[in-house]
Amino acid sequence: NAGVTQTPKFRVLKTGQSMTLLCAQDMNHEYMYWYRQDPGMGLRLIHYSVGEGTTAKGEVPDGYNVSRLKKQNFLLGLESAAPSQTSVYFCASSYFQRKTQYFGPGTRLLVL
Amino acid sequence: AQKITQTQPGMFVQEKEAVTLDCTYDTSDQSYGLFWYKQPSSGEMIFLIYQGSYDEQNATEGRYSLNFQKARKSANLVISASQLGDSAMYFCAMREGDTGRRALTFGSGTRLQVQP
């Protein structure tokens with residue numbers, strides 16, 4: 001039981017490049033989330049999903065897209081990376097009926 | 001409008017002493033949940049404790065307790081008998097409502113340093 005895993009752990013991009021961050025959970029959770037954490041700040045919600053095939057915007061969705069084709073996976077895409085997207089990205093998941101969100105280890109992204 | 005406020009950017013505590021980390025929140029929902037997470041220097045987010053808005057008793061989990069004062073909209077974390085391994089960032093978070101996205105809104109965090 002790996003919990004929530006994120007791939008990759010660290011990535012350096014040049015401005016304008018694209019990439020996809022993968023989040024996988026093996027707990028059969030309905031809800032999945034992508035957050036970003038900037039220095040000195042708490043986590044902010046980018047996008048979320050309440051079930052397979054559904055996604056919705058959070059507080060800071062600009063510049064990101066997401067997909068949830070399988071219940072266990074939630075992908076976060078950056079089509080044209082910008083330096084402002086330099087951050088640590090956390091994925092989380094939870095049951096509908098449970099209160100706790102389980103977080104992945106984070107992906108550190110540097111955009112030059 | 002900021003919904004979670006943590007006014008202590010940094011705190012120091014002596015080993016074996018108790019420490020209180022402050023958190024105030026703002027919501028118009030009657031049903032909500034309050035969380036505390038620990039983030040050590042390694043970066044992962046570790047769930048510590050949860051308090052529901054309808055819970056009459058303050059939540060406790062081992063050395064962690066949540067001092068919930070609903071009328072004052074505060075949800076302070078109390079760590080008893082601090083240990084060196086408690087040195088970390090601590091985040092207060094809130095989930096509003098029982099339906100919808102159920103996402104968390106986080107405060108800016110408090111860095112706790114435990115001194116020997």
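The values are calculated or read from the model by the stated rules, or taken from the named source; none is laboratory data. The structure displayed is predicted, hence computed values, not measured ones. With ideal geometry, Cβ positions are generated from the backbone for all residues, glycine too; neighbour counts draw on all protein chains shown. Accessible surface areas use protein heavy atoms only, side chains included; no ligands, DNA or RNA. Shrake-Rupley method; radii C 1.70, N 1.55, O 1.52, S 1.80 Å.
Taking region B:1-22, which residues are away from every other protein chain (no Cβ under 14 Å), open to solvent by 80 Å² or more (accessible area, probe 1.4 Å) and either part of a loop (DSSP other than H, G, I, E, B) or among the basic types (K, R) (or both)?
Just the residues of region B:1-22 that are away from every other protein chain (no Cβ under 14 Å), to begin with: B:11-20, B:22.
From what's left, open to solvent by 80 Å² or more (accessible area, probe 1.4 Å): B:12, B:16-17.
Listed by number, the residues that qualify are B:K16, B:E17.
State yes or no: is B:R111 within 14 Å of chain A (Cβ to nearest Cβ), in contact (Cβ under 8 Å) with a residue 40 or more places away in the chain and of a type in the set (K, R)?
Numbers: within 14 Å of chain A (Cβ to nearest Cβ): yes; in contact (Cβ under 8 Å) with a residue 40 or more places away in the chain: yes; of a type in the set (K, R): yes.
Criteria met by B:R111.
When the test is whether a residue is among the aromatic types (F, W, Y) and facing another protein chain (nearest Cβ under 10 Å), A:Y33 passes it.
For beta carbons closer than 7 Å, sequence separation of 6+ or different chains, a first residue in region B:29-44 that is within 11 Å of chain A (Cβ to nearest Cβ) and a second that is charged (D, E, K, R) and open to solvent by 20 Å² or more (accessible area, probe 1.4 Å), the qualifying pairs are B:Y32/B:E96; B:G33/A:K99.
Within this structure, A:T20 passes the test of being part of a strand (DSSP E or B) and open to solvent by 70 Å² or more (accessible area, probe 1.4 Å).
Residues in region A:86-97: is at least one under 19 Å from B:F35 (Cβ atoms), modelled with pLDDT under 95, open to solvent by 30 Å² or more (accessible area, probe 1.4 Å) and in contact with a Ser or Thr (Cβ under 9 Å, 6 or more places away or on another chain)? So far as region A:86-97 goes, no, none of its residues is under 19 Å from B:F35 (Cβ atoms), modelled with pLDDT under 95, open to solvent by 30 Å² or more (accessible area, probe 1.4 Å) and in contact with a Ser or Thr (Cβ under 9 Å, 6 or more places away or on another chain). Meeting the requirement of 2 or more residues that are open to solvent by 70 Å² or more (accessible area, probe 1.4 Å), the strands (runs of 3 or more DSSP E) wholly within region B:28-116 are B:110-115. On the given criteria, is B:Y25 among the hydroxyl-bearing types (S, T, Y) and either within 11 Å of chain A (Cβ to nearest Cβ) or farther than 21 Å from A:R44 by Cα (or both)? Spelling it out, it is not the case that B:Y25 is among the hydroxyl-bearing types (S, T, Y) and either within 11 Å of chain A (Cβ to nearest Cβ) or farther than 21 Å from A:R44 by Cα (or both).
The single residue among A:R36, A:R44 that is within 24 Å of B:P40 (Cα to Cα) and open to solvent by 40 Å² or more (accessible area, probe 1.4 Å) turns out to be A:R44.
Just a yes or no: is a residue in region A:21-44 among the small types (G, A, S), free of Cβ contacts under 8 Å to residues at least 24 places away in the same chain and over 27 Å from B:R111 (Cβ atoms)? No; the residues of region A:21-44 include none that is among the small types (G, A, S), free of Cβ contacts under 8 Å to residues at least 24 places away in the same chain and over 27 Å from B:R111 (Cβ atoms). Restricting region A:71-107 to residues that are assigned to a loop (DSSP other than H, G, I, E, B) and under 15 Å from A:L21 (Cα atoms) leaves a set whose member that is farthest from the other protein chains (Cβ to nearest Cβ) is A:S80.
Would you mind stating whether A:L110 is more than 11 Å from chain B (Cβ to nearest Cβ), of a type outside the set (S, T, N, Q) and in a strand (DSSP E or B)?
Judged against the criteria, A:L110 is a match.
For the structure I just gave you, tell me whether A:E52 is among the charged types (D, E, K, R) and either within 11 Å of another protein chain (Cβ to nearest Cβ) or buried (at least 20 other Cβ atoms within 10 Å of the Cβ) (or both). No.
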